[in-house]
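The values are calculated or read from the model by the stated rules, or taken from the named source; none is laboratory data. Remember, it's a predicted structure, so these values are computed and weren't measured experimentally. Every residue, glycine as well, gets a Cβ built from its backbone with ideal geometry; the counts of neighbours run over all protein chains shown. Just the protein is used for accessible areas: all its heavy atoms, side chains included, with ligands, DNA and RNA removed. Shrake-Rupley method; radii C 1.70, N 1.55, O 1.52, S 1.80 Å.
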Amino acid sequence: MPLRVIVGVSGGIAAYKAVTVVREFVLRGAEVTVIPTASALRFVGLPTWEAISRNSVPVDLFDGVAEVRHVALGQQADLIVLAPATAHMVASLAGGFAGDLLGTTVLASRAPVVIAPAMHTEMWENAAVRANVDTLRSRGIIVVGPESGALTGEDTGVGRMSEPHTIVEAALAQVAPQTLKGRHVLISAGGTREPLDPVRYLGNRSTGAMGVALAEQALARGAEVTVVHAHLEVSLPRGVAGIAVSTSEEMLSALMDAQPANDIILMAAAVADWRSVEVSDHKIHKSDKPETWEPRLERTPDILQELVGARRPGQMIVGFAAETDLDPETRESTAREKLVAKQSDAIVLNLVGDRVGFGEVETAVTLITASPQSLTFEGTKSSVAGRLLDALPEL
Ligand code: C5P
């Protein structure tokens with residue numbers, strides 16, 4: 001049964017970003033009912049909400065009276081998300097007002113409620129709003145954001161609604177089964193850089209999105225998460241212990257230090273396979289070298305292999321393989337060879353190339369284990385990461 005999510009939208013300009021919130025829930029397979037307030041509909045119209053949620057959108061307290069809609073929606077919901085939550089919405093929630101369909105739905109529900117406030121800084125800092133937010137928190141309502149940044153007018157400050165992705169992650173974390181409770185998960189993310197001189201390096205296009213998605217999903221499942229990261233282009237989720245490194249050598253030592261305390265190790269980082277034998281201590285000038293020259297490269301340590309070599313009983317170690325071969329069978333057989341060579345518990349294979357694989361994009365990965373059957377997951381990096389973590393206990 002899909003997760004039933006209610007997205008309540010109140011009337012603030014950030015309502016346009018709530019469209020993406022709805023979209024992200026739908027892409028992850030949730031059944032979404034959007035309940036916009038009357039003023040939200042002045043910002044974003046009904047057809048948009050219906051099309052994006054793929055569902056009809058109730059707006060009036062007196063719609064669907066025969067099915068007692070004003071309470072049924074709340075009773076059936078697994079999760080309620082209010083984005084944006086204006087100062088007025090925050091006050092109505094704190095007061096327990098039931099004057100519209102969103103109000104009755106929230107009151108009639110036992111589902112977790114997550115709100116993403118959005119308003120100008122002065123309003124957010126106003127004593128009335130502060131008191132209302134405190135009241136909501138004390139009742140167990142989860143408050144995501146607001147963030148600091150550019151507001152609608154010329155002003156900047158606290159009050160900007162959190163990014164849709166952050167809201168969706170925080171909300172889903174409220175309902176994720178706590179399958180990793182008490183487990184320690186160590187994740188490597190990003191791409192290492194191997195210096196040639198103080199300004200140049202050999203690197204790769206990894207953004208760290210997959211490692212960060214794994215971290216978010218592991219957190220949501222109750223794990224204690226450590227991320228050893230190199231040159232992330234996405235932000236680390238709150239609540240993880242982050243260790244920043246740059247080179248493969250630094251990543252090796254950070255991971256080896258963290259290894260004993262962890263139960264599951266996910267090696268999602270793109271680690272350089274070679275580094276320059278000589279690293280100049282000053283910027284190499286064109287005049288230092290002939291027209292054509294070859295830096296001498298040497299192999300970097302294979303971190304995954306080192307971790308497997310030091311593995312303690314019961315520790316699970318998963319490698320990742322980014323492959324460019326377009327033929328799926330060839331890709332899979334290369335990954336199976338890696339599984340044998342590296343002796344990890346599993347290899348997660350994904351296709352990368354010019355237009356696929358890097359950044360916050362939809363992806364497809366194949367989980368390869370000693371079993372001849374492999375499992376393929378497709379979707380956003382978050383949903384793929386979640387399903388990978390759910391498949392791990394099967395190993
Ligand atoms: O051999 P290949 O680089 O394709 O293997 C990929 C897996 O090995 C990834 O999990 C990657 O993080 C890991 N790796 C490593 N150390 C290296 C190179 C890759 O741990 N030097």
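Across the protein chains, with a 1.4 Å probe defining accessible surface, the residues Met123, Met161 rank Met123, Met161 from largest area downward.
If you roll a 1.4 Å probe over the heavy atoms of the protein chains, what accessible area per residue do you get for the range 191-296, in Å²?
Details: 5460 Å² over 106 residues.
Per-residue value: 51 Å².
Straight-line cross-link reach from Lys338 at under 25 Å between alpha-carbon atoms covers these lysines, not counting any fewer than eight positions away in the same chain: Lys381.
So if R0 is 41 Å, what FRET efficiency would Val175 and Gln343 give, r being the distance between their Cβ atoms, rounded to the nearest 0.05?
Numbers: r = 36 Å, r/R0 = 0.88.
For Val175 and Gln343, the calculated efficiency is 0.70.
What does the charge count near Pro328 come to, summing +1 for each Lys or Arg and -1 for each Asp or Glu among other residues with Cβ under 13 Å from its Cβ? Here the count lands on -4.
Cα-based Rg of the range 184-394 per 2.2 N^0.38 Å, rounded to two decimals?
Taking N as the residue count of the range 184-394, the ratio is 1.04.
Extension gain, His282-Leu375: 0.36 nm per intervening residue step, less the Cα-Cα distance, totals 28.6 nm.
Each Lys and Arg Cβ is given +1 and each Asp and Glu Cβ -1; about its Cα centre, the chain then shows a dipole of about 780 debye. The local environment of Thr166, defined by Cβ-Cβ distances under 10 Å, has a net charge of -3 under the rule Lys, Arg +1 and Asp, Glu -1.
Calculated mean residue ellipticity, 222 nm, the chain: -10000 deg cm²/dmol, from DSSP H runs (n ≥ 4) at -39500 (n - 2.57) each, averaged per residue and rounded to 500. Using the Cβ-Cβ distance between Thr20 and Arg205 with R0 set to 25 Å, the FRET efficiency works out to roughly 0.50. Which of rounded, prolate or oblate describes the range 143-204 when judged by the alpha-carbon gyration tensor and an a/c cut-off of 1.5? Because a/c hits 1.5 or more and a/b fails to exceed b/c, the range 143-204 counts as oblate. Computed over the range 4-173, the Cα gyration tensor eigenvalues convert (square root of 5λ each) into semi-axes of 23, 18, 15 Å, ordered from largest to smallest.
Less than 12 Å Cβ to Cβ from Val21, Lys/Arg counted +1 and Asp/Glu -1: what total charge do the surrounding residues give? Could you put the intermediate results ahead of the total?
Details: positive: Lys17, Arg23, Arg28; negative: Glu24, Glu163, Glu169.
Here the charged neighbours net out to 0.
Whole-percent P(r), the chain, all Cα pairs, 20 Å bins from 0: 25, 47, 25, 3, 0.
Got a number for carbon plus sulfur as a percent of the chain's accessible area, 1.4 Å probe?
Numbers: 9990 of 19190 Å².
In the chain, the share of accessible area belonging to carbon and sulfur is 52 percent.
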